[in-house]
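In what follows, a structure is listed as structure tokens, so that the remarks can point back to it.
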4 protein chains.
Amino acid sequence: MEITGIFPALTTPYREDGAVAIERFKENVTRYNKTNLSGYVVLGSTGESVLLSSAEGEDLLAVAKQSAAPGKLLIAGTGAESTAETIARCKRAADFGYDLALVKTPYYYKPAYKAEVYIRHYRSVADASPIPVLLYSVPIFTGVSLDAPEILALAQHPNIVGIKDSSGVIQRVVEVVAKAPQTFHVLTGGAGVIYPALVAGAKGAILALASALPERCVTIYESWKAGCHAEALAQQQQVAQASRTIASENGIAGLKYAMDLRGYFGGVPRLPLLPLSDEKKQQIHKLVTELEPLAATA
Amino acid sequence: MEITGIFPALTTPYREDGAVAIERFKENVTRYNKTNLSGYVVLGSTGESVLLSSAEGEDLLAVAKQSAAPGKLLIAGTGAESTAETIARCKRAADFGYDLALVKTPYYYKPAYKAEVYIRHYRSVADASPIPVLLYSVPIFTGVSLDAPEILALAQHPNIVGIKDSSGVIQRVVEVVAKAPQTFHVLTGGAGVIYPALVAGAKGAILALASALPERCVTIYESWKAGCHAEALAQQQQVAQASRTIASENGIAGLKYAMDLRGYFGGVPRLPLLPLSDEKKQQIHKLVTELEPLAATA
Amino acid sequence: MEITGIFPALTTPYREDGAVAIERFKENVTRYNKTNLSGYVVLGSTGESVLLSSAEGEDLLAVAKQSAAPGKLLIAGTGAESTAETIARCKRAADFGYDLALVKTPYYYKPAYKAEVYIRHYRSVADASPIPVLLYSVPIFTGVSLDAPEILALAQHPNIVGIKDSSGVIQRVVEVVAKAPQTFHVLTGGAGVIYPALVAGAKGAILALASALPERCVTIYESWKAGCHAEALAQQQQVAQASRTIASENGIAGLKYAMDLRGYFGGVPRLPLLPLSDEKKQQIHKLVTELEPLAATA
Amino acid sequence: MEITGIFPALTTPYREDGAVAIERFKENVTRYNKTNLSGYVVLGSTGESVLLSSAEGEDLLAVAKQSAAPGKLLIAGTGAESTAETIARCKRAADFGYDLALVKTPYYYKPAYKAEVYIRHYRSVADASPIPVLLYSVPIFTGVSLDAPEILALAQHPNIVGIKDSSGVIQRVVEVVAKAPQTFHVLTGGAGVIYPALVAGAKGAILALASALPERCVTIYESWKAGCHAEALAQQQQVAQASRTIASENGIAGLKYAMDLRGYFGGVPRLPLLPLSDEKKQQIHKLVTELEPLAATA
């Protein structure tokens, strides 16, 4: 399996009454189908998976599967705190026809979670999962990260085919790519370092920002693929700025507002996440207008 | 309502096949009934609540309610990442006859969780909860903490009656007690600082360690209550050492092993948490034997 | 040697041209002599020791020694990054007639500074120092802290007579006092936890805040000493609030401004530390006026 | 001024009696002269500057200046905690004929050091320094870091010509290069990310590892310069592994031992830094032997 290019971590839209707006979600996917995105991640951190019920999650999995254009790789977020529940979710994702399970590190009992714990957890999950597993390290949310030694130990497992590393630490990309099997895919989660990650050996990226600016993210990948380093860097510089203003400073609320500006359905996040202030909206509006002159007036 | 004295954060026992051993749980509660513990916390961090299914949680709530002796205060852990789910769990706890809801801070989207977010979240929860709310700040697991200004803002809410603060920061106890209404109860989560917290104005403690050494913890409270400061400190010194060896260094696995040594049913935690090594078991055995000469040979 | 009660960490006053205002320093000490402070710390963190030249430091040591009333214990900050330079400074402090050397942890090469490094460092310093050594752990500035095991190992050394622990972690006071020799003195560096530290077994405190509010800090000690727990707590509550507003939120600049309000010479800190904004000054003025009605109008 | 390519942060050798071995230092520089290193950094973190006396520092500055081959850029570490002392050291470096002053962030009073403090500090230093200034952000040692907004504000100053950023955060390289004047030079301090930093727009690197493996580091730069991306990545992978084993895991002691293996004079660091254990020596010997088959048997 090739896991290359740019994947958006899809957001979850809500109706005014707070329920999941499943039609809006479908419309977003349909529109993404027209881009060169390589596939979709459903129920990731950006999808507010920790704020959804099990039934809501299954609806989203089902609809994304139905709506995705042929050839789009489908990745389901399946990580739970317990090993058994994680395995159950991987099986469910397989039942829904997903290609890959994205398994974030357990993190609540972090004082107890030594590298050994993660190695056993991921091996158990990979042994039992009907579909291949991507490790998922996202320290900004979990407070824990997978380091090169344990990633490399796990990269030997035949059903562990890669990692989404959202730490932004490019040295880790270098170290993992140097020693992992060729079939192990490193994907960065940092929209500000897509191009540096690719030159360091990453195969692609899974990005929140790609839900609002998919073409901008894909272009970096394509420039790099074509060997156009100067173009890739110039594009990366713009995307890094956008990533800081939209996602780093404003989180999911900022991302959803940028989606609204670009003609997708973003809306507001679920509580306790708060909607954006007007001041923050103006900053994002200004940035998106400069970056995508036509879109922001849509 | 008086929320004073020592409350154990109850552990969740498992059968060999991994299911919840609900009979063992009942036996533990029945035995705790004979101590001077003031009540019980069900579905806390120590109870591995993040590793349990919703149905398992309800079973535990029901059985603890049935088994608790009259006069024991019943506290249910009800914190979830989403505000709506937290409220739903508070209502469920009320339906099960619980006296109080212990609501840990949401923590996943920590870059977005400013003090304002917590204030709105807790006010919404307290407005909707049929039973009074205890705030719960446990930075060692969540990576976030509530500080005095937001605690004091929330202490004004009529349905927020206290906080379990597991940070171990005694200055916060001093600051909160100084300015909160008399009816706001500060409970420490640190077995190593029960006595300092009490002198600083705390009303009691919710402790993992009290599942293994309830009498030891209660004695500190009673000595302090009786004005016997020298005794309280001497007892605190022993409990602080026990807390380090059993809980700080070995987590839930260590606590459960100490419970086994003391005649309760501890068992092993659920994966990904690993059982204790033999070396660690020996360290805990040595400590418990010195501390409780009769019990450890039971 | 008895090291008990309250010690201010003296500030360093500057003239308008930026030089050390040695006369002002002398006047401050002379005025402190009239209080029940147990002695003085010269060249501590609060004294901006890292911003002073070696010659400036020697002047301050000399003048404090000359000005201190009989019976006031004199403590010199002597910690440097290198072991040899630390020893040289201890010898210099002894030459100036100081009673104790306060030796902060080296901290620059923190990834290399394991407990073993600190144990060897402090033993070398204590072996060579002509005067007894106080360990000094101040994680807020250094990013490193001494934990109970290494403190207890060092407490066995005949020339290491105590620790100033500015972490505010009261559990560590409990643990160290429980196992250290009776002659080992734990002093807290946290003005917000003087009373909890004393009940946990500390012998006193070394405090920045005591440079501005010496009587307030001493009173807590005396109330505790007299067994008046309720008074000690009430006094502690006020001092904790003052400590937050003056020192925690505004650092040395805040402390110096509070000194000015109370009739000492505070002035401004040395660059890169910036003077206080007017808004911050007003907050401190309000607090000091409420706390010390007469003094703040002096 | 062009500040490009690879610069080693020179180590400080000691005699058996602990004094600086100035002749050994000279021999090292003389040997580095034969490589394609672009210049030398004297009195950096790797040079144990915080463990040296002022006189020792001046000797090293003088000898490096005398020994450096023509065309080698000379950079002096001049950062001190106080603004005035930093300026004095910049002037001293200029007197010794140095081309650039490398000014690390003040860091002791980190709670008080907001971005505004750093901006004022660096502007004052740059205004007064007779030679151009390089900012220096090294969070692993200082616990603080300069972020893009303040770097970009300072990049406007005519006498601030670049930054050594040792954070390893490549997104910051992207962001700074995107908006800073063309004449502002970003240099990475991370041997594991030389190549990713270069593609992100960095002009070169200042590296501890280049004291032991100068050719290996220079080759990456030259491959990238020649547009040979595949070679650059392959070389970077080896250097990243060497950087982890030698420097990240073993610090200055590890680096110095690797220097010994490669025919330079490394020796041991100054106390409190400890010499390497035999086990660690063997790990480094194995790595260097594999990487530099001839050298390690020298």
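General observations
- Rounded, prolate or oblate (a/c below 1.5 giving rounded, otherwise prolate when a/b exceeds b/c) for the range C:68-194 by Cα gyration tensor: rounded
- Calculated from backbone phi, Karplus (6.51, -1.76, 1.60) coupling profile of the range C:165-182 in Hz, x at Gly/Pro: 10, 9, 6, x, 7, 6, 4, 5, 4, 4, 5, 6, 4, 4, 10, 6, x, 4
- Three-way shape label, the range D:1-95, alpha-carbon gyration tensor, a/c 1.5: oblate
- Proximity of backbone amide H atoms, modeled 1.01 Å from N, is registered between D:GLY39 and D:LEU73 at under 5 Å, excluding neighbours fewer than 5 places apart on the same chain.
- Across the alpha-carbon atoms of chain B, the computed radius of gyration and Dmax are 18.0, 52 angstrom.
- Fewest-first ranking of B:HIS121, A:HIS229, A:HIS157, using other Cβ atoms within 10 Å as the exposure measure: A:HIS229, A:HIS157, B:HIS121
- Most mobile of C:ASP260, C:ASP165, C:ASP17 in a GNM of chain C (Cα contacts under 10 Å): C:ASP17
- Cβ neighbours within 10 Å from other chains - mean over A:168-180: 6
- The value of relative contact order for the range A:210-268, using C-alpha pairs under 8 Å at least six residues apart, is 32 percent.
- Summarising the amide proton neighbourhood of B:ALA21: residues at separation of 5 or more, or on other chains, whose placed amide H is nearer than 5 Å comprise B:TYR14, B:ARG15.
- Interchain or long-range residues, amide H under 5 Å from B:VAL186's placed H: B:ILE163, B:LYS203
- Converting phi to 3J(HN,Hα) with the Karplus coefficients 6.51, -1.76 and 1.60 and the offset θ = phi - 60°, the range D:4-16 yields 10, x, 10, 10, x, 7, 5, 7, 10, x, 10, 7, 4 Hz in sequence order, with x at every glycine or proline.
- Per-residue mean of foreign Cβ neighbours for A:233-241 is 4 (Cβ atoms of other chains, 10 Å radius).
- Helix-only arithmetic for chain C: the sum of -39500 (n - 2.57) across DSSP H runs with n ≥ 4, divided by the residue total, places the mean residue ellipticity at 222 nm at -13500 deg cm²/dmol.
- Neighbour counting of Cβ atoms within 10 Å sorts the residues C:LYS91, C:LYS104, fewest neighbours leading, into C:LYS91, C:LYS104.
- Inter-label distance, C:GLU215 to A:ALA62: 7.6 nm, where each label sits 7 Å from its Cα along the C-beta direction.
- Relative contact order of the range D:152-298, defined on C-alpha pairs under 8 angstrom at six or more residues apart (%): 16
- Note on B:244-253: average number of Cβ atoms from other chains within 10 Å of each residue's Cβ is 2.
- Residues of type aspartates and glutamates that C:LYS179 reaches as a straight line, Cα spacing below 19 Å, ignoring anything fewer than 8 places off in the same chain: B:GLU231, B:GLU249, B:GLU290, C:GLU2, C:ASP147, C:GLU150, C:ASP165
- Gyration tensor verdict on the range C:155-287 (Cα atoms; rounded if a/c is under 1.5, prolate if a/b is larger than b/c, oblate otherwise): prolate
- Rel. contact order, % - alpha carbon contacts under 8 angstrom, at least six apart, the range B:33-120: 28
- Beta bridges by DSSP in the range C:8-166, antiparallel share as percent, to the nearest 5: 5
- B:TYR136 sits among other residues whose Cβ lies under 9 Å from its own Cβ, and their net charge, with Lys and Arg +1 and Asp and Glu -1, is +1.
- Here C:LYS65 is the anchor, and the lysines within straight C-alpha reach of less than 26 Å, apart from those fewer than 8 places off in the same chain, are C:LYS26, C:LYS34, C:LYS91, C:LYS104, C:LYS164, C:LYS203, C:LYS256.
- Computed over the protein assembly as shown, the quotient of the alpha carbon radius of gyration and 2.2 N^0.38 Å is 0.95.
- Here is how far apart the B:GLU249 label points are across copies: 2.6, 4.2, 4.8 nm, shortest first, using a point 7 Å from Cα toward Cβ.
- Placing +1 on the Cβ of every Lys and Arg and -1 on the Cβ of every Asp and Glu, with nothing else charged, gives the range C:194-275 a dipole about its Cα centre of roughly 180 debye.
- Only beta bridges with both residues in the protein assembly as shown are counted; by DSSP, about 5 percent of them are antiparallel.
Quick note: the coordinates plus some simple rules give every number you see, no bench work behind them. Just so we're clear, the structure is a prediction, and the values are computed from it rather than from any experiment. Don't worry about glycine lacking a Cβ; one is built from the backbone with ideal geometry, like all the others, and counts go over all protein chains shown.
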